[in-house]
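Below: one structure, written as structure tokens.
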Amino acid sequence: MREILHVSQDDSRVSNDLSGFECKLDSDIERFLKTMAIPFEKAHKSRTYLVVKKASAGQKELEILAYFSVALSSMKIQKSVSKAQMRRLNGIFADDEVPCYLIGQLAKNDPYCEEINGKELIEYAMSIFKIGHDLVGGRFVRVDCRNIARLTDFYKQNGFRQLQMDGETGLLQFVRFI
């Protein structure tokens with residue numbers, strides 16, 4: 001999205017492209033893209049990547065198939081996590097708070113849900129993290145999600161392992177090593 005904002009220099013055009021995104025399963029995901037993605041992008045808080053229909057590139061309005069947002073974050077490791085797992089997450093440090101990459105949002109656009117699958121989205125995101133990993137380091141990617149079987153199964157099927165529940169948010173935290 002950063003490139004689109006830079007090229008168009010018109011937030012209203014980008015907002016118009018984003019306005020057609022629908023996710024009936026999770027209104028928070030839809031709301032983030034429509035209201036928070038541009039401010040987060042401009043504040044360098046996260047990066048949002050749009051997966052668009054190739055035929056719409058260069059057109060007046062982009063057909064967004066899906067999107068994901070990524071960010072730098074940290075994770076407080078709870079005492080319930082095994083020492084072996086903590087060493088693997090921490091590397092050489094003994095801290096209980098470790099830096100990580102974060103998939104903040106990940107969603108398909110309802111009208112195009114058959115044109116892309118979730119595994120492809122995860123792999124697109126992992127390719128971004130791999131670049132960051134090669135340039136600056138980092139050990140793992142974190143994703144937080146509600147305790148809903150279809151979500152937890154999806155992340156497990158895509159190489160993430162449940163680590164713990166965040167005591168503040170109540171969300172499950174999954175990790176995948178790079």
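Between Val143, Val81, Val70, the residue with the greatest mean-square fluctuation in the GNM of the chain (Cα pairs under 10 Å linked by springs) is Val81. Remark: spin-label model distance Arg13-Lys83 equals 5.9 nm, labels positioned 7 Å along the Cα→Cβ axis. Ignoring solvent entirely, what values of log10 I(q)/I(0) come out of the Debye formula for the range 88-160 at 0.14, 0.16, 0.20 Å⁻¹ when each Cα is a single scatterer? Each listed q corresponds, in turn, to -0.54, -0.69, -0.98. Across the cross-link table entries Lys54/Lys76; Lys83/Lys156; Lys34/Lys83, which are compared at the Cα atoms, the separations over 31 Å belong to Lys54/Lys76; Lys34/Lys83. Compute the longest continuous run of the chain that contains no exposed GluC sites (Glu not before Pro); treat a site as exposed when its DSSP state is not H, G, I, E or B and it has at most 12 other Cβ atoms within 10 Å. That would be 1-60. Simple spin-label estimate for Glu123 and Asp28 gives 2.9 nm between the two label positions (7 Å along the Cα-to-Cβ direction from each Cα).
Taken over the C-alpha atoms, the range 136-178 has Rg and Dmax values of 10.6, 34 angstrom.
In summary, the aspartates and glutamates within cross-link reach of Lys108, defined as a Cα separation below 20 angstrom excluding same-chain residues under 8 places away, comprise Asp17, Glu22, Asp26, Asp28, Glu30, Glu41, Glu61, Glu63, Glu120, Glu123, Asp144, Asp153.
Note on the chain: with charges restricted to the Cβ of Lys and Arg (+1) and Asp and Glu (-1), its dipole about the Cα centre is near 680 debye. Taking every alpha-carbon pair under 8 Å whose residues sit at least 6 apart, the range 26-178 reaches a relative contact order of 18 percent. With the convex hull constructed from alpha-carbon coordinates only, the chain shows a mean projected area of 10.8 nm² over all directions.
Highest mobility in the GNM of the chain, judged by mean-square fluctuation with C-alpha springs under 10 Å and restricted to Ile122, Ile92, Ile103, is found for Ile92.
A short reminder: the numbers here are calculations on the coordinates, not readings from a lab. Here the structure is a predicted model, which is why all the values come from computation and not from measurement. Heads up, the Cβs are rebuilt from the backbone with ideal geometry, glycines too, and the neighbour counts pull from every protein chain shown.
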